[in-house]
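The values are calculated or read from the model by the stated rules, or taken from the named source; none is laboratory data. Note that the coordinates shown come from a computational prediction; the quantities given were computed from them, not determined experimentally. Virtual Cβ from ideal backbone geometry, glycine too; neighbours counted across all protein chains shown. Each accessible area value is taken on the protein alone, full model and side chains, heavy atoms only, with ligands, DNA and RNA left out. Shrake-Rupley method; radii C 1.70, N 1.55, O 1.52, S 1.80 Å.
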Amino acid sequence: MASISGLCSSSSNLIPKPHLPSSSSSSKTQFPWMISSPLRIDDTSKTSFPGVSSKSLLTHSVARDVPSSLSKTASIGDELSVAKKGLETDPKILWERYTEWLYQHKDLGLYLDVSRVGFTDDFVKEMEPRFMKAFKAMEDLEKGAIANPDEGRMVGHYWLRNPKLSPNSFLRLQIENTLEAICAFSDEIVGGKIKPPSSPAGRFTQILSVGIGGSALGPQFVAEALAPDNPPLKIRFIDNTDPAGIDHQIAQLGPELASTLVIVVSKSGGTPETRNGLLEVQKAFREAGLEFAKQGVAITQENSLLDNTARIEGWLARFPMFDWVGGRTSEMSAVGLLAAALQGINIKEMLAGAALMDEANRTTVVKNNPAALLALCWYWASDGVGSKDMVVLPYKDSLLLFSRYLQQLVMESLGKEFDLDGNRVNQGLTVYGNKGSTDQHAYIQQLREGVHNFFATFIEVLRDRPPGHDWELEPGVTCGDYLFGMLQGTRSALYANGRESVTVTVQEVNPRSVGALIALYERAVGIYASLVNINAYHQPGVEAGKKAAGEVLALQKRVLSVLNEASCKDPVEPLSLEEVADRCHAPEDIEMIYKIIAHMAANDRAIIAEGDCGSPRSVKVFLGECNVDALYD
Ligand SMILES: O=P(O)(O)OC[C@H]1O[C@H](O)[C@H](O)[C@@H](O)[C@@H]1O
């Protein structure tokens, strides 16, 4: 088992030397089948490796489907879209564009290819003043400005990986001490110094992480991307208030509940779904005769409801969540780091990768700033108003949850009704995607030929397998070559039909590259928000749904009380929906009352005496039991 002190220590020399195509080496990286058997781009549903051609894949694709060639396979709509965008199709010019714009981060072994987005030099020039403003805003933010004006908060996730940047020594110490505490605690848990009180295993073997949104998505993504095959502690998540989902997680733990460390994560400490998850887990502990407090850990803001509960009940440990770190940018705080360290993931490497990326994103030269390049592409591709969706396609199973993670990071940050000057702008950038090549067999058909409402982001991982494990499943070709071919083929096929794409390439999926990817997108979101003049760090829209949910539950309590009163009569008085609504003094809420009753009936908590839920006007309802106590509440 890896020691935590090892996992928590940083190492500067773990990144293998990059070997991405450069003008001198690209020809050497081609595989035999690529040269002799280009992917057919005219039939993405049946991608195959037929025939012999001496043309390169790229040349083949673009030359064949350029609008000016009036290819038989391209529709008029496709031609128009390419023409409208003015996308370059000459392979030589494209290669020049590729090499001119290719961004490389040497230390991280990370590349960003924006050549398949059609922005022009004029556009870049036009955007320059906005970028300068964005860079200044990022600089101010890092220095501690109130970058989230609506909530009057600083925005400090960049300090988490470089505490020296903190605007004062108090914050710096908070970050450093928390990191130290995380490492020490993980060390003791993994090393078996801190034991669960009544587990036959004698040590913690499982983590049950309870949290939602930013308190779940980062840890889920990182676990999927980086947890070793046999982690010191395996992780499961409760990230919803779905009782069946919760039951499933607890049932899967079975007797291992006794050796489960329950980490409850909530910045606010008052999110209902998380509270419900906690109450359900505590009930399971009681039923199993276990003492929850000895196995519970809270990650939350000081003095939140959760913090106070954990303190009063004497939970095993508490870690702070900082006011100045937003949920969706909290992966490098205790929220992400504790779970990661417990799974044997080198969190200092993650932090180092993020810090290196942040450093690169501080340059004010757009071309050399990867986050700015991404923001530039987003702006160009979606006209600065989110007119196109961003489809994120990592070609690596372990990065499956990246798009889901990005969904919150991007959409909760950029999806805003008003800009910073109070103008109604309804901004946003829609994100979806799973992984390649899997998605090629699902919806890439539409991306290639259907409605043109997206641009793609490919995430490429050069290292297929750990060294020494590869083999050729046909002469000269490995399984990973197919994955590579699928990515390149899809990129070419999309472009040939006027569909733009960005490609981010990393050497391998490791803590450093994952940290860098997170940091890259965090910064791109910050810069883009500034380009379109919105506050990326609040989420006023989320409150509306929460408030409405609260109102539904309050109405349900009134419905229950009315039904209880009628059900306590002798004889029982079944009520129509209209009668329930009138007695609740809420005739305008009759539709919601119907839904409440249908839900209660489906869960055996209300009995339909007459009619059925398919014809709401026919329904008469009562409760199976009279609760006399509730009559006098
Ligand atoms: O961490 P918590 O306070 O429980 O919040 C969890 C989530 O709740 C809300 O829905 C916010 O919109 C998210 O940004 C946040 O990540």
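Key figures
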{"read-out": "Rounded, prolate or oblate (a/c below 1.5 giving rounded, otherwise prolate when a/b exceeds b/c) for region 400-521 by Cα gyration tensor", "value": "oblate"}
{"read-out": "Exposure of Cys183 as accessible area (Å², to 10), given a probe of 1.4 Å and all protein chains", "value": "20"}
{"read-out": "Placed amide H near Lys234: partners under 5 Å, 5+ positions off or other chain", "value": "Gln206, Ile207"}
{"read-out": "The chain, helix-only ellipticity at 222 nm - DSSP H runs n ≥ 4, -39,500 (n - 2.57), divided by all residues, nearest 500", "value": "-13500 deg cm²/dmol"}
{"read-out": "For region 515-523, 3J(HN,Hα) per residue [Karplus equation, 6.51 cos²θ - 1.76 cosθ + 1.60, θ = phi - 60°, Hz, x = Gly/Pro]", "value": "x, 5, 4, 4, 5, 4, 6, 4, 6"}
{"read-out": "In Å², nearest 10: area of Tyr482 left accessible to a 1.4 Å probe", "value": "60"}
{"read-out": "HN-Hα J in Hz across region 460-471 - Karplus 6.51, -1.76, 1.60, θ = phi - 60°, x for Gly and Pro", "value": "10, 10, 6, 7, 6, 9, x, x, x, 10, 7, 8"}
{"read-out": "List Ser387, Ser333, ordered by accessible area with a 1.4 Å probe, largest first", "value": "Ser387, Ser333"}
{"read-out": "Length-normalised contact order for region 561-633 - Cα pairs under 8 Å, 6+ apart - percent", "value": "41"}
{"read-out": "Whole-angstrom Cα spans of region 271-421 along principal axes, big to small", "value": "59, 36, 33"}
{"read-out": "Cα-based Kirkwood hydrodynamic radius, region 540-599, one decimal, Å", "value": "12.2"}
{"read-out": "Gain on full stretching of the segment that runs from Ser618 to Val124 - 0.36 nm per residue minus C-alpha separation", "value": "171.4 nm"}
{"read-out": "Rg [Å, one decimal], Dmax [Å, integer] - region 343-390, C-alpha atoms", "value": "14.7, 43"}
{"read-out": "Whole-Å distance, taken between Cα centres, linking region 99-155 and region 352-367", "value": "9"}
{"read-out": "Rounded Å value of the spacing that divides the Cα centres of region 486-526 and region 296-338", "value": "32"}
{"read-out": "Amide H within-cut-off set for Val621, under 5 Å, with H built and near neighbours excluded", "value": "Leu575, Ser576, Ala609"}
{"read-out": "Three-way shape call for region 519-633 based on the alpha-carbon gyration tensor, with the a/c threshold at 1.5", "value": "prolate"}
{"read-out": "Kirkwood hydrodynamic radius (C-alpha pairs) into Stokes-Einstein, the chain, 25 °C and 0.890 mPa s, D in µm²/s", "value": "90"}
{"read-out": "In Hz, Karplus ³J(HN,Hα) per residue of region 376-391 (6.51, -1.76, 1.60; θ = phi - 60°; x = Gly, Pro)", "value": "4, 5, 4, 5, 4, 5, 10, 6, x, 10, x, 5, 10, 7, 9, 9"}
{"read-out": "Charge sum, other residues only, whose C-beta stays under 13 Å from Gln252's C-beta, Lys/Arg counted +1 and Asp/Glu -1", "value": "0"}
{"read-out": "Rounded percent of accessible protein surface that carbon and sulfur make up, region 481-573, 1.4 Å probe", "value": "60"}
{"read-out": "Accessible area of region 278-424 divided out per residue, in Å², using a probe of 1.4 angstrom", "value": "33"}
{"read-out": "Taking the chain and dividing mean pair separation by its residue count, relative contact order in percent (alpha carbons under 8 Å, at least six apart)", "value": "17"}
{"read-out": "Dimensions (Å) - region 150-304, Cα atoms, principal axes, largest first", "value": "47, 36, 31"}
{"read-out": "Semi-axis lengths (Å, descending) of the ellipsoid that matches the C-alpha gyration tensor of region 474-550", "value": "37, 18, 16"}
{"read-out": "Estimated translational D of region 323-412 in µm²/s (Stokes, Kirkwood radius over Cα pairs; 37 °C; 0.692 mPa s)", "value": "215"}
{"read-out": "Length-normalised contact order of region 361-406 in % [C-alpha pairs under 8 Å, at least 6 apart]", "value": "16"}
{"read-out": "Neighbour net charge for Asp307 - beta-carbon separation under 14 angstrom, K R +1, D E -1", "value": "+1"}
{"read-out": "Neighbourhood net charge (14 Å Cβ-Cβ; Lys/Arg +1, Asp/Glu -1) for Glu139", "value": "+1"}
{"read-out": "Amide proton proximity set for Gln507, modelled H, under 5 Å, gap of 5+", "value": "Leu462"}
{"read-out": "Theoretical FRET efficiency, 1/(1+(r/R0)^6), r = Cβ-Cβ of Arg605 and Asp323, R0 45 Å, to 0.05", "value": "0.65"}
{"read-out": "Asn627-Ser576 pseudo-label distance in nm [points 7 Å out on the Cα-to-Cβ vector]", "value": "2.7"}
